Amino acid sequence: EELDVATNVPFNQVAALDALDGVSVQTAPLLSVDFIIINASRPPLDDVSVRMALNHATDKQAIIDAVLFGYGEDASLALPKMMFWDEQMEGYPFDIERARKYLQRSSVPDGFEITYSYRGDSIPDAQIGVLLQEQWRQIGIRLNLEPLEGAVVRQRMFDNDFDLVKAFNSSDVIDPSQ
């Protein structure tokens, strides 16, 4: 007998593959979390009210549903679920009115423009950017999308030369010796 295995199947292909005769799709939890790093050393992102507005204006479940096709869950920390994870710790709820209130008491009550940098070869990262543009526009934030080579994204992170950058933590190495 022969066995064919595919890993890292795009989320939008899982259901179609699973519907094929002779194909069995299996999903398993992965210790991984994707997040947006906010450069809190740059105005206006150095204002805690601005950061709170961004958090409350982000509909994370909409991103999970649209980009990951439901194969994910809202994270409350920038760490994967692992030892010492606190199930009771809650993230920021999507609350557009609360986001507006935070922005109104911030240093930029009329809104502002920032840039989201991400790996240009990542379709999910680009889709997240489009969704954030739509979500944050509701409170007056104009988000520019900046697709870059992966090495450039990494260097910008190390140089602290970004407004927002997509990042992740993962333990997806399947080699038990690592």
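Can you compute the modelled spin-label distance between Asp46 and Leu145, with each label point 7 Å from Cα toward Cβ, in nm?
Each label point is offset 7 Å from its Cα along the Cβ direction, giving 3.0 nm.
Tell me, what % of the accessible area of the chain is carbon and sulfur with a 1.4 angstrom probe? The partial results should precede the final answer.
Numbers: 6100 of 11720 Å².
Exposed carbon and sulfur together represent 52 percent of the surface.
Can you give the charge dipole size of segment 8-59 about its Cα centre, rounded to the nearest 20 debye, using +1 on the beta carbon of Lys and Arg and -1 on the beta carbon of Asp and Glu?
Numbers: 2 positive and 6 negative charges, 40 e Å.
So the dipole magnitude of segment 8-59 works out to roughly 200 debye.
Calculate the dipole size of segment 1-103 relative to its Cα centre from +1 charges on Lys and Arg beta carbons and -1 charges on Asp and Glu beta carbons; express the result in debye to the nearest 20.
Values: 7 positive and 17 negative charges, 155 e Å.
Result for segment 1-103 is approximately 740 debye, rounded to the nearest 20.
Which one, Ser49, Leu3, Gln13, is farthest towards the positive end of the dipole of the chain when Lys and Arg carry +1 and Asp and Glu -1 on their Cβ?
So the residue we want is Ser49.
Run down the aspartates and glutamates and flag those whose C-alpha is under 17 Å from the C-alpha of Lys60, throwing out any fewer than 8 positions away in its chain.
Asp34, Glu73, Asp74, Glu90, Asp95, Glu97, Asp125, Glu134
Under 12 Å from the Cβ of Arg105, count the other residues' Cβ atoms, weight Lys and Arg +1, Asp and Glu -1, and hand me the total.
On the way: positive: Arg98, Arg100, Lys101; negative: Asp47.
Local net charge: +2.
Would you work out which of Pro109, Ile123, Val152 lies farthest towards the positive end of the dipole of the chain, given +1 charges on the beta-carbon of Lys and Arg and -1 on that of Asp and Glu, about the Cα centre?
The one lying farthest along the dipole's positive direction is Pro109.
Restrict the search to segment 86-129; then list the GluC sites (Glu not before Pro) that DSSP places in a loop and that have at most 11 other Cβ atoms within 10 Å of their Cβ. Present the calculation step by step, with values, prior to reporting the outcome.
Numbers: sites: Glu87, Glu90, Glu97, Glu113; in loops: Glu87, Glu90.
Passing both the DSSP loop test and the Cβ count: Glu87, Glu90.
Residues with beta-carbon under 14 Å from that of Arg142, excluding Arg142: net charge, scoring Lys, Arg +1 and Asp, Glu -1? Display every interim value, and only then the final one.
Numbers: positive: Arg137; negative: Asp110, Glu113, Glu134, Glu146, Asp163.
Overall, the nearby charge balance is -4.
Report, for the chain, the % of DSSP beta bridges that are antiparallel, rounded to 5. Could the numbers behind the result be given before it?
Numbers: 7 of 17 bridges.
Antiparallel bridges: around 40 percent, rounded to the nearest 5.
Taking the solvent-accessible surface of protein heavy atoms with a 1.4 Å probe, what is the per residue accessible area of the chain in Å²? Kindly include the intermediate steps, with their values, before the conclusion.
Values: 11720 Å² over 178 residues.
Computed with neighbouring chains in place, this is 66 Å² per residue.
Out of segment 96-172, which chymotrypsin sites (Phe, Trp or Tyr not before Pro) are coil in DSSP terms and have no more than 14 other C-beta atoms within 10 Å?
For chymotrypsin sites (Phe, Trp or Tyr not before Pro) across segment 96-172 that sit outside H, G, I, E and B with at most 14 neighbouring Cβ atoms in 10 Å, the list is empty.
List the residues of segment 119-135 whose backbone N lies under 20 Å from a point placed 7 Å from the Cα of Asp161 along the Cα-to-Cβ direction.
119-121
Residue farthest toward the positive end of the dipole of segment 58-108, with Cβ of Lys/Arg at +1 and Asp/Glu at -1: which of Ala66, Ser76, Ile96?
With unit charges placed on the Cβ atoms, the residue in question is Ile96.
Among [x] 0.99; [y] 1.10; [z] 1.16, which one is Cα Rg over 2.2 N^0.38 Å computed from these coordinates?
It is the one labelled [z].
Using the Cα centre of the chain as the reference point, and only Cβ charges (+1 on K/R, -1 on D/E), how large is the resulting charge dipole? Debye, rounded to the nearest 20. Before the final figure, lay out the partial values.
Details: 14 positive and 29 negative charges, 200 e Å.
So the dipole magnitude of the chain works out to roughly 960 debye.
What does the helix-only formula give at 222 nm for the chain: each DSSP H stretch with n ≥ 4 adding -39500 (n - 2.57), the total divided by the residues, and the result rounded to the nearest 500 deg cm²/dmol?
On the way: 6 runs with 56 residues, N = 178.
Roughly -9000 deg cm²/dmol at 222 nm, from the helical runs in the chain.
The values are calculated or read from the model by the stated rules, or taken from the named source; none is laboratory data. Quantities reported herein were computed from a predicted structural model and do not represent experimental measurements. Cβ sites come from the backbone with ideal geometry, for glycine too, and all protein chains shown count toward neighbours. For the accessible areas, the whole protein counts, side chains as well, though only heavy atoms, and no ligand, DNA or RNA atoms are used. Shrake-Rupley method; radii C 1.70, N 1.55, O 1.52, S 1.80 Å.
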